[in-house]
1. Taking θ as phi - 60°, what are the ³J(HN,Hα) couplings along region 275-287 by the Karplus curve (6.51, -1.76, 1.60), each to the nearest whole Hz, with x for Gly and Pro?
2. Please tell me the relative contact order of the chain in percent, rounded to the nearest whole number, where contacts are Cα pairs under 8 Å and at least six residues apart.
3. Could you give the angle, 0 to 90 degrees to the nearest 10, between helix 222-234's Cα long axis and the longest principal axis of the Cα atoms of the chain?
4. Taking the alpha-carbon distance from Lys355 and a cut-off under 12 Å, which aspartates and glutamates remain once sequence neighbours fewer than 8 residues away in the same chain are dropped?
5. Under a crude label model (7 Å from the Cα following the beta-carbon direction), how far is Glu27 from Leu123 in nanometres?
6. List the residues whose amide H sits under 5 Å from the amide H of Ala240, counting only those 5 or more places along or on another chain, with H placed 1.01 Å from N in the peptide plane.
7. Starting from the Cα of Lys256, draw a straight line to each of the lysines and keep only those under 27 Å, dropping any in the same chain fewer than 8 residues away.
8. Please list, in order along region 333-343, the HN-Hα scalar couplings obtained from phi with the Karplus expression 6.51 cos²θ - 1.76 cosθ + 1.60 (θ = phi - 60°), rounded to whole Hz, x for Gly and Pro.
Amino acid sequence: MKPIASLADLPRANRLVIKVGSALLVEQGRPRSAWLATLATEIAALRQSTQVILVSSGAIALGAAKLGLPHGGRGSLADAQAAASVGQVELARLWSEALDAHAIIAAQMLVTLGDLEDRRRYLNASATLGRLLEAGALPVVNENDSVATEEIRFGDNDRLAARVAQAAGADAVLLLSDVDGLYDRDPRESGAELIPCVEGVTPEIIAMASGNSGSGLGSGGMRAKLQAARIAERAGIALAIGNGTHRSPIARVFEKGIGTLFLPQRDASAREAWLGGRLAPAGVITVDAGCAAALENGASVLAAGIAEIEGEFGRGDLVAIHGPNGARFGQGLIEYTAGECRAILGLREDQQAAKLGYAPRAAVIHRDHMVRT
């Protein structure tokens, strides 16, 4: 397949993940059935040449309406979990009926953050997605909010869609939301301009984003979409943002070219993409200026270059790596526990054995188990 270079190229993807936001599916607690039927028709046409995976929000909003919970079911963690439990049944029914009208079998797949953070479970999810597609089914994925907590959840389906795309080996992601795409400033401001294409999510691009969800139903916002784009671009996956509030929203993005496309920046190995896309580091290691400069040249993190340790973690856990100015450099798998790291912090290799009681390992974080973020 030729590289995706424009929104018009997205239908050429061999495998496409489409994320549908809560505000598109639910209005005042009721499903937008007519809109969903139109979207299902577009998806059916797209599946003639492209394998499609759906990541669908809406369970909490649907469940909250049925249970009569305030604040759209987001007033407390307990409310959100209860609403998700009820709403997921309704959400699965909606997709099953909409897709069945086109003789498409819908397959529900609920995942938690841990399912895609743990390497073995990630590979299992990947295998399940692959087998469903091979069998002709259309996976409909959602976060399992009935058991997720604030500490161990994606928090938005934008980042979940990017991680699902990684696991599924997708070529592209389309985030359907209630905005046309990324603007150079708040789109409510006079003169705000839609950015059609982004080559790399830089700090300047992130500065353009708002963290607020315009509808009040979702939990993401533009910042979450940019985080999803960073996950995707590292894995060699194109990601587009389009406005799903219109009829035939997929055609509006693909044929009219209204949206923002984030071009893939590099095609990391499967393991690097998984590691770089992980979202829940157990702690933070801050390195000094000398170590930061060495990391820029591909070095490993050594104890002598560590200035500070935060958090409690075990060997093999994911930790974030910060530079001396506090900016995040990357993340990697740690070779020591937090206690061991504190014991050897700032020490040279020949000093570490006396503190540890055994010969030190080659690195605190080896370069082969580390990625830039």
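1. Once θ is set to phi - 60°, the couplings for region 275-287 become 5, x, x, 5, 10, 10, x, 7, x, 9, 10, 9, 9 Hz.
2. Values: 800 pairs, mean separation 54.7, N = 373.
Relative contact order here is 15 percent.
3. Approximately 70 degrees, to the nearest ten.
4. Filter leaves Glu340.
5. Each label point is offset 7 Å from its Cα along the Cβ direction, giving 4.7 nm.
6. Under 5 Å from the amide H of Ala240: Val173, Leu174, Leu175, Phe262.
7. Lys2, Lys19, Lys225
8. The phi angles translate into 8, 7, 9, 9, 6, 4, x, 5, 4, 5, 5 Hz.
The values are calculated or read from the model by the stated rules, or taken from the named source; none is laboratory data. Everything numeric here is computed off the predicted structure, so don't read it as measured data. Neighbour counts run over all protein chains shown; Cβ positions are idealised from the backbone, glycine included. Each accessible area value is taken on the protein alone, full model and side chains, heavy atoms only, with ligands, DNA and RNA left out. Shrake-Rupley method; radii C 1.70, N 1.55, O 1.52, S 1.80 Å.
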